[in-house]
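Contents: one structure, followed by commentary.
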Amino acid sequence: MTELYADLLITGGIVVNETGRFTADVAVKDGLVVFVGHPDFAPRARRTMEATGKFIIPGAIDVHTHIREPGMTQKEDWTTGTRAAAAGGVTTIFDMPNTDPPVWSLDALAIKQEAAARQAHVNYGLYGLLDERTLDILPQLAEAGIIGTKLFYGNTTGNLPAPNDGAVLEGFEILAELGLRCSIHAENSPMLFWRENRMKAAGRDDAFAHLAARADIVALESLNRSITLSEWTGARIHIVHESCMRSLPIIRDAKARGVPMTVETGPQYFLLAAEDLVGDKARIARLNPPIRERAQQAPILAALLDGTIDMLGTDHAPHAMAEKQHASFWDNACGFPGVETSMRLMLTLVHQGRTTMEQYVRMASAAPAKAFGLYPRKGVIQPGADADIAVVDPAKEGVIRGADLHSLRSRFTPYEGMETVGMPVATIVRGRIVMEGGTVADAAGWGRMERPQMPPPAPRNLATTTKAILRPGAQSW
């Protein structure tokens, strides 16, 4: 009898990487892709998955999720959040640090590591917080394996105050030497709070007040500040949930100058429009930054397709339903689930001819892997890569319903009732099938913490860093 070689053989499908597509079988053994090629040369396997008429793509990497554990498990926990990811074809998530406690110490990181290791169905990266309290421990957090850091210039769940710009400069100086990327919520907190408080005093309590508080200038100022500090220090930055078309020329110019930056947007910023969000829809769709006017949708999508915006994230931000049902619009929590629906939304755009599968793989998998030091281990289907795979049926129709979401504490969505074409029908994480036919397997604890392997750091202006000027008699020339 011929000895079985592979653990899993996916046969009859079309492999799609960012560089193109081709018909091939894919074999997996010990968590890695070991064969991609003609069926005549494929190894035997213990399990065969038929994929005729389907696409075999690298699993999505969502660099922007809020799992909420520890401290806010009434909104989400590692079990519900990673089951939702598995259901949506997402094989790796990055979790933001604004939990309770925030990830501002090694002890807080350890609490999150323990919860994730015990429950996660998919792979995960963990962000550390960048603010005044973490400057002294950034090297230790890096050694402990954080995927990067997060800077909240704009307010967020947990109401973490925006750090002093001097502390941010010093933090960027440290990160520039470590080589880690800093993800930035780029909104000017003093501006938005001033405007919000002025409107509250004037009695404004309508759905459009939230957008007015966070007008484009609030994002533009913070974006420019982030770019300036990155360019000066050499710190790698990542602008999250880009929503503003007026940011695009600034981003293009900064990248042309060599600023070490990447940018992300989410489906909500090119599929939803402020004009349509009133009443309950507005409460559900309230988030930071806000969903903007319809005129901004097309430029944001175009920038994502041409690479000005590098990647797709979701800002998966679940809440308990009661937190979205307050009488005052200002009292409703900001954010909604997104990790489970993103791939379906984008596959629908592929079906409509508004993007291609190759472009989707780039923005959802390859670009995130490259930006955060995971490529080519992830983000591509080729021998030697991790077997993180989504099998996609491009013709499978469905309707998005909040009641069907696997974020069991947050079963609402602004996409309620939206018809979709294209759906992940299997999700494979390091060779293990964690979702098949819409059913998520019991795979708690299978997810692995991912650590970045970034290119060598390239810090700038070392003579003027905070560390340098603290030395007695230091000169900056």
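Any read-out appearing in this document is the output of simple, stated calculations on the displayed coordinates, not a laboratory observation. Everything numeric in this text was worked out from a predicted model, so none of it was measured. Using ideal geometry, Cβ is built from the backbone for each residue, glycine included, and neighbour counts are taken over all protein chains shown.
In whole Hz and in residue order, list the ³J(HN,Hα) couplings for segment 71-88 that follow from phi through the Karplus curve 6.51 cos²θ - 1.76 cosθ + 1.60, θ = phi - 60°; x for Gly and Pro.
With coefficients 6.51, -1.76 and 1.60, one gets x, 9, 6, 5, 9, 5, 9, 5, 5, 5, x, 7, 5, 4, 4, 4, 5, x Hz.
Do you know the relative contact order of the chain, to the nearest whole percent, from alpha carbon pairs under 8 angstrom that are 6+ apart?
After rounding, I find 22 percent.
Per residue of segment 44-60, in order, report the coupling 6.51 cos²θ - 1.76 cosθ + 1.60 (Karplus, θ = phi - 60°) as ³J(HN,Hα) in whole Hz, putting x for Gly and Pro.
6, 8, 5, 9, 10, 10, 7, 10, 4, x, 10, 9, 10, 10, x, x, 5
How much length would be gained if the chain were fully extended between E221 and Q140, taking 0.36 nm per residue of separation minus their Cα-Cα distance, in nm to one decimal? Provide the component values of the computation, followed by the final result.
Values: separation 81, 0.36 × 81 = 29.16 nm, distance 3.15 nm.
Here the answer is 26.0 nm.
With axes computed from alpha carbons, what is the tilt in degrees of helix 216-233 against the longest principal axis of the chain, rounded to the nearest 10 within 0 to 90?
Approximately 90 degrees, to the nearest ten.
Order these by the 10 Å Cβ neighbour count, fewest first: V399, V391.
Details: V399 11, V391 24.
Listed from fewest to most nearby Cβ atoms, that is V399, V391.
Given the C-alpha centroids of segment 331-374 and segment 188-216, what is the distance between them in whole angstrom?
30
In degrees, nearest 10, range 0 to 90: what is the angle between the Cα axis of helix 342-351 and the longest Cα principal axis of the chain?
For 342-351 against the chain, the angle is about 70 degrees.
How much net charge surrounds G88 when only other residues with a Cβ under 12 Å from its Cβ are counted (Lys, Arg +1; Asp, Glu -1)? Kindly include the intermediate steps, with their values, before the conclusion.
Details: positive: R83, R344; negative: D62, E340, D404.
Net charge in that neighbourhood comes out at -1.
Candidates (i) 0.97; (ii) 0.95; (iii) 1.03; which is the computed Rg/Rh (Cα atoms, Kirkwood Rh)?
(i)
Once label points are set 7 Å from the Cα along Cα→Cβ at both L470 and H38, what is their separation, rounded to one decimal in nm?
The two pseudo-label positions are separated by 6.4 nm.
Could you work out how much longer the chain between A463 and R411 gets when fully extended? Use 0.36 nm per residue separation minus the Cα distance between them, nm to one decimal.
Values: separation 52, 0.36 × 52 = 18.72 nm, distance 5.23 nm.
Full extension of this stretch gives 13.5 nm more.
Hand me the tally of lysine pairs in the chain: alpha carbons under 28 angstrom apart, and the pair either on different chains or 8 or more positions apart.
Counting lysine pairs in the chain gives 29.
Residues with amide H under 5 Å of T420's amide H, sequence separation 5 or more or different chain, H placed in the peptide plane at 1.01 Å from N; which?
G398, V399, I400
Apply the Kirkwood formula to segment 4-112: the hydrodynamic radius equals the inverse of the mean of 1/r over all pairs of different alpha-carbon atoms; give it in Å with one decimal.
Working: mean 1/r = 0.0613 Å⁻¹.
For segment 4-112, the Kirkwood estimate is 16.3 Å.
For a distance above 25 Å, tell me the whole-number percent of Cα pairs in segment 53-195 that qualify.
Considering segment 53-195, 30 percent of its Cα-Cα pairs are separated by more than 25 Å.
If you restrict to DSSP beta bridges whose two residues both lie in the chain, what percentage is antiparallel, to the nearest 5? Each step should come with its number before you reach the end.
On the way: 31 of 64 bridges.
If we restrict to bridges inside the chain, about 50 percent are antiparallel.
Stretched out fully, how many nm does the piece from A322 to A298 gain, at 0.36 nm a residue minus the Cα gap?
Details: separation 24, 0.36 × 24 = 8.64 nm, distance 3.33 nm.
Separation in residues times 0.36 nm, less the Cα-Cα distance, equals 5.3 nm.
FRET efficiency for R118 and A202, Cβ-Cβ distance as r, R0 = 60 Å, nearest 0.05? Numbers along the way, then the final one.
Details: r = 49 Å, r/R0 = 0.81.
In this case the efficiency is close to 0.80.
Two-decimal Rg/Rh of segment 337-401 from alpha-carbon positions, Kirkwood Rh? Present the calculation step by step, with values, prior to reporting the outcome.
Working: Rg = 13.0 Å, Rh = 13.0 Å.
Across segment 337-401, the Cα-based Rg/Rh ratio is 1.00.
Restrict the search to segment 322-410; then list the GluC sites (Glu not before Pro) that DSSP places in a loop and that have at most 11 other Cβ atoms within 10 Å of their Cβ. Numbers along the way, then the final one.
Details: sites: E323, E340, E358, E397; in loops: E340.
Nothing satisfies the criteria.
For segment 264-414, compute Rg over Rh where Rg is the Cα radius of gyration and Rh is the Kirkwood radius from the inverse mean 1/r over Cα pairs. Spell out each step's value before the answer.
Working: Rg = 16.5 Å, Rh = 16.7 Å.
My calculation of the ratio gives 0.99.
Which order do D7, D442 fall in if you start with the one that has the fewest other Cβ atoms within 10 Å? Before the final figure, lay out each step's value.
On the way: D7 18, D442 10.
Result, fewest neighbours first: D442, D7.
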